[in-house]
Amino acid sequence: MESSKKKIIILGGGMASLSAAYELTDYEGWQNHYEITLYQVGWRLGGKTATGRGPCDRIEEHGIHILQGWYDTTFRLLRSVYDERKKEGLAPGSPLQDLFKDGLIANNTTLMTEFIPELGKWCNWPLIFPETTEQPGIGGPLPMWAVIRKGIALTLEMLLGSPYAKNESSLIKWVLDHFFPDYKTGSSSTLETKEGCMPSLFKPLAGLIGSSVKKEFNEIIEELEKDGKADGGNTHKKHSLILRILERYVKHIEKEGLPYKEGETPARHIALGICFAYYNLKGVLKDVYNPETRQFDFDKINNYDYREWLGLQGAPQWLVDSVIVRFFYTGTFANLVNENGGAVAAGTALQFFAKSVGYKGSFVYQMVYGTGEVMVMPMYEVLKHRGVQFKFFHKIQQVHYAEGGSIESISYAEQVQLAVPEYNPVKKIMNDKLSAWPAEPLYEQLNPEDAKKLISGKVNLEDPWADWTDYKQGQLQKGIDFDEVILGIPVGTLKTICSEIIEKDERWKLMAENVKTTPTQSAQLWFLPSLEELGFDRASWGLPPKNGAPNVVVYQNPMYSWLDSSLVLPNENWPAAQKPKFLAYFTGPYLLRKPLPPFTDHGYQSSENERLKTAFEQWLYDNAAWFWPKGATYLYPQGLNFQLLADIENSPDGYTRYSNQFFRANVRPTDHYTLSVPNSAIYRLKADASGFDNMFLCGDWIDFGGNVGYIDGTIQSGQQAAQALRSKMQLGGHKEIWATLHSGTV
């Protein structure tokens, strides 16, 4: 029986590879059919979601990582992981037992900052997303008709503004009474999805619009009230009718022009929101929906940039350039791809928006611990318990091309010699209760000579430019070390490790040339004062008094996003005199001055980190005081006083305190974000279409259905690779993969 088992190797330890391993081992009796070994460079797992515990056990991330309520695949996976981990008693003393009670906190607040050229300044647009009674990870994505219905309601809720702002209008008070009854106490409230929700939200908006269009606006309300259930009757006809009625209001807005003056904020947001909804619905019904098949085909418009496509629907330029549209580009790190505001395939952008509208529970869930501890470590513990083998410090060098249609050999390097039979990557913190990933290898498990060289040379084994001689070279051979391969290494690295295949296979060559990526950047600042002590007034920003950490998007480039991550501070271990009260995570795209250098340029990563730090210093001097006015200085009234930063060394010098924060230029090919530019999706390879009968593909770079770089799609790709491999072995009983929206009928 043992000899009949297939040997499966998984290359790479990111979330795609881990989800593939989980899917392969999630079926009863899998051990009778195959065994699995995963190969990973360096000392930890997680890929772009990997975290490390640095000095004082501070959490060091690759960037901002949150989970959104529409990540149904992710939540289904994590629910399963936590249930099994608890059932098998794999972490009995851990404070992280229940995903939702211990690992996540709902955050429904988003600050969509907007620059208004006519005023010459940035303005705030707070969004408070209502919670729903649905639970993420239970059931698949909503049908398309439900997404459209919910999208209209959500757009209207956004237009009403924040229910927590100071000096709320009579309209806001109406919203508070109907949808946020507990807002004054700071307790969470729930807006249930129920019949009549949209008409109820539409009615108060009529009070903010001109009398000339009230008739048309009331017709929309009447249409919605005729049939509260969007799945009844001919819903395509209903939406077309609403579209025609809405068009009159849109034309009125366009005739008057977009409001911009002080005091016109509600009217401006209504104009933007109504026109945004109109032109997207118009385009979907015209270009995406097929009334004969009653199906949606978003791929039909992926040859257009999203802004270009909006323009083809007749959208005015002020809508095309608006902050709502810009969110599509910043949300996919694509806003700096070119000098025209970025590039995102129109169909991909629309799917991204439609899926996000279908969120369940909370719009955003923040992690109470590091991403690696909440997501990756529990997966590692379960997979290890199931019997998956992990080979750390194994760097894949080349997946060799083979004429026969099967991968025959794979070259690798063992980076270090171990001092133990098997490397254990787990660092215990919080009185040995929490399993965490260290920011550096656990040197006591390495050969002492290797450990000494790594420490003295400050060598990072995850850095492809590191000045390091690997311990030894090796080859994996088909029939001996493996039968089947799952390749889960990011596309940016494939030009190196699959160069032979790319050179000889035209499909791979086109994929490597057309699936674009971008580096990203991140920074973390720990502050001695609290957010409030820095002058951030929650009510002025439209945030609730409690349970609403600022989540800023689409602000000033390039660090256009920051998140209040202070909730993780209790599980860091700072000295009492330097204990921070506020922690801000920043992220954005990172522009390279020139192409990546050869890996012989050993100082490249450190030089780019330094360049990031210098540029971010100027960014803070120019922009920080808008959010934290009491953190500014006389010399830099728009900037930040670096003396307010927590510093382990407690340096008297402000710049040293700043330098001791955490900065990361994600320039490594494995860290690049996969873009969804126009005309690129057709070059993506599917999980079972590598061209080799024993190699399957996973990662956010393959054609998994959604084709935008986000963790839910990454996990779906791993599931697809695993199920394709099992299907080849004539094994079935697979769970449904939620890679695309359920089209339904409209």
Practice task
Consider residue 734 carefully, then state whether it is crowded, with 17+ Cβ neighbours inside 10 Å and not charged (D, E, K, R).
Solution key: no
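Could you list, in sequence order, all residues of the range 242-261 that are modelled with pLDDT of 70 or more and closer than 13 Å to residue 282 by Cα? Before you say what the answer is, go through the steps one by one.
Residues of the range 242-261 that are modelled with pLDDT of 70 or more, as a first pass: 243-261.
Hits for the range 242-261 are 243, 244, 245, 246, 247, 250.
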Completion exercise
Note on the range 22-80: residues among the polar types (S, T, N, Q), closer than 29 Å to residue 564 by Cα and touching a His at 6+ places or on another chain (Cβ under 8 Å) are 49, 51
Handout entry: Residue among 654, 639, 631 that alone is at negative phi, without any contact (Cβ under 8 Å) to a residue 60 or more places away in the chain and crowded, with 19+ Cβ neighbours inside 10 Å
Key = 639
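Return the only residue of 433, 472, 452, 478 being farther than 12 Å from residue 415 by Cα, without any contact (Cβ under 8 Å) to a residue 60 or more places away in the chain and either in contact with a Leu (Cβ under 9 Å, 6 or more places away or on another chain) or not hydrophobic (A, V, I, L, M, F, W, C) (or both).
Within the list 433, 472, 452, 478, the selection yields 452.
Residues checked against (1) without any contact (Cβ under 8 Å) to a residue 40 or more places away in the chain; (2) part of a strand (DSSP E or B); (3) of a type in the set (Phe, Trp, Tyr):
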site	(1), (2), (3)
273	no, no, no
292	yes, no, no
303	no, no, no
307	yes, no, no
314	yes, no, no
335	no, no, no
338	yes, no, no
380	no, no, yes
Practice task
Tell me, yes or no, whether the range 63-76 has at least one residue that is among the charged types (D, E, K, R) and at pLDDT below 95.
Solution key: yes
Practice task
Might you let me know whether the range 132-148 holds any residue that is within 27 Å of residue 737 (Cα to Cα) and without any contact (Cβ under 8 Å) to a residue 60 or more places away in the chain?
Solution key: no
Exercise for the section: Check whether at least one residue in the range 453-464 is among the acidic types (Asp, Glu) and within 19 Å of residue 18 (Cβ to Cβ), and report yes or no. Expected result: yes
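Per-residue answers, yes or no, for (1) in contact (Cβ under 8 Å) with a residue 24 or more places away in the chain; (2) touching a helix residue (DSSP H, G or I) at 6+ places or on another chain (Cβ under 7 Å):
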residue: 7; (1), (2): yes, no
residue: 24; (1), (2): yes, yes
residue: 33; (1), (2): yes, no
residue: 37; (1), (2): yes, no
residue: 51; (1), (2): yes, yes
residue: 61; (1), (2): yes, yes
residue: 71; (1), (2): yes, yes
residue: 87; (1), (2): no, no
Exercise for the section: Filter the range 95-123 for residues that are under 28 Å from residue 360 (Cβ atoms) and surrounded by fewer than 14 Cβ atoms within 10 Å (Cβ to Cβ) and give the result. Expected result: 98, 101
Practice task
Determine whether residue 585 is of a type in the set (Ser, Thr, Tyr), in contact with a Pro (Cβ under 9 Å, 6 or more places away or on another chain), within 18 Å of residue 520 (Cα to Cα) and touching a residue at least 60 places away in the same chain (Cβ under 8 Å).
Solution key: no
Exercise for the section: Please verify whether the range 444-459 includes one or more residues that are modelled with pLDDT of 95 or more and within 30 Å of residue 684 (Cβ to Cβ). Expected result: no
Problem - Lone qualifier among 545, 529 - being touching a Phe, Trp or Tyr at 6+ places or on another chain (Cβ under 7 Å) and assigned by TED's automatic domain parsing to the domain that holds residue 593 - result: 529
Practice task
Might you check whether a residue that is under 30 Å from residue 504 (Cβ atoms), hydrophobic (A, V, I, L, M, F, W, C) and surrounded by fewer than 24 Cβ atoms within 10 Å (Cβ to Cβ) occurs anywhere in the range 394-403?
Solution key: yes
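The values are calculated or read from the model by the stated rules, or taken from the named source; none is laboratory data. As the structure is a prediction and not an experimental result, all values here were calculated from the model. Cβ sites come from the backbone with ideal geometry, for glycine too, and all protein chains shown count toward neighbours.
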